[in-house]
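Visitor: Below are the structure tokens for one structure; questions will follow.
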Amino acid sequence: MKKLLLSLLVTAAYLLGAAPASAADTAPKSVIHVVTVTWKAGTTPEQIQAALDGAQALPAQYAGITRVWTRTLKAQGERTHAIVMEFADEDALKNYTKSPAQETWYKVYLPIRDHSTTFDITN
């Protein structure tokens with residue numbers, strides 16, 4: 001009887017410890033920064049590629065950016081490209097504003113950007 005009770009207690013403790021984590025426990029704290037872009041009339045493919053390459057270089061220039069995506073598979077409306085940056089957290093996004101990395105990239109990006117829409121998303 002003692003062995004049975006001990007087995008039941010061990011099994012219960014295991015099951016309680018192995019309970020699945022809730023979505024709030026596993027949700028990432030990173031921030032996804034989505035920018036959809038329309039380029040100015042007359043912008044060359046080379047200028048667009050330079051802006052996309054500049055975005056891809058940002059994680060090496062700013063530690064708060066962990067990943068960048070620039071290959072648009074589908075675009076709707078007048079926006080032709082999307083640039084997506086993953087920031088480590090909300091502070092990393094906030095501190096990116098006016099950082100040397102942003103200012104360097106803006107030298108290539110802003111002169112050819114006509115319109116853009118930005119979404120910042122997190123959990």
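Bear in mind these aren't lab numbers, they're just calculated from the coordinates by the rules spelled out. Being a predicted model, the structure only gives us computed values, none of them experimental. Cβ placement follows ideal geometry from the backbone for every residue including glycine, while neighbour counts extend to all protein chains displayed.
Visitor: Taking θ as phi - 60°, what are the ³J(HN,Hα) couplings along the range 32-40 by the Karplus curve (6.51, -1.76, 1.60), each to the nearest whole Hz, with x for Gly and Pro?
Guide: Calculated HN-Hα couplings, in order: 9, 10, 10, 10, 9, 10, 10, 8, 5 Hz.
Visitor: Nearest 20 debye, what's the magnitude of the dipole of the range 31-121 about its Cα centre given +1 on Lys and Arg Cβ and -1 on Asp and Glu Cβ?
Guide: Values: 9 positive and 10 negative charges, 45 e Å.
That gives a dipole near 220 debye.
Visitor: Which whole-number percentage describes the relative contact order of the range 18-123, with Cα contacts under 8 Å and a sequence gap of 6 or more? Mind showing how you got there, number by number?
Guide: Working: 163 pairs, mean separation 47.9, N = 106.
45 percent.
Visitor: Non-local amide H neighbours of Thr72 (under 5 Å, H modeled in plane, Pro and chain starts lacking H): which ones?
Guide: Sorted by chain and number, the residues that satisfy this are Ala82.
Visitor: How big is the range 31-121 along each principal axis, measuring the range of its Cα positions in Å and listing the largest first?
Guide: 35, 24, 18
Visitor: Can you put His115, His81 in order, fewest other beta carbons within 10 Å first? Display every interim value, and only then the final one.
Guide: On the way: His115 11, His81 19.
Ascending number of Cβ neighbours within 10 Å: His115, His81.
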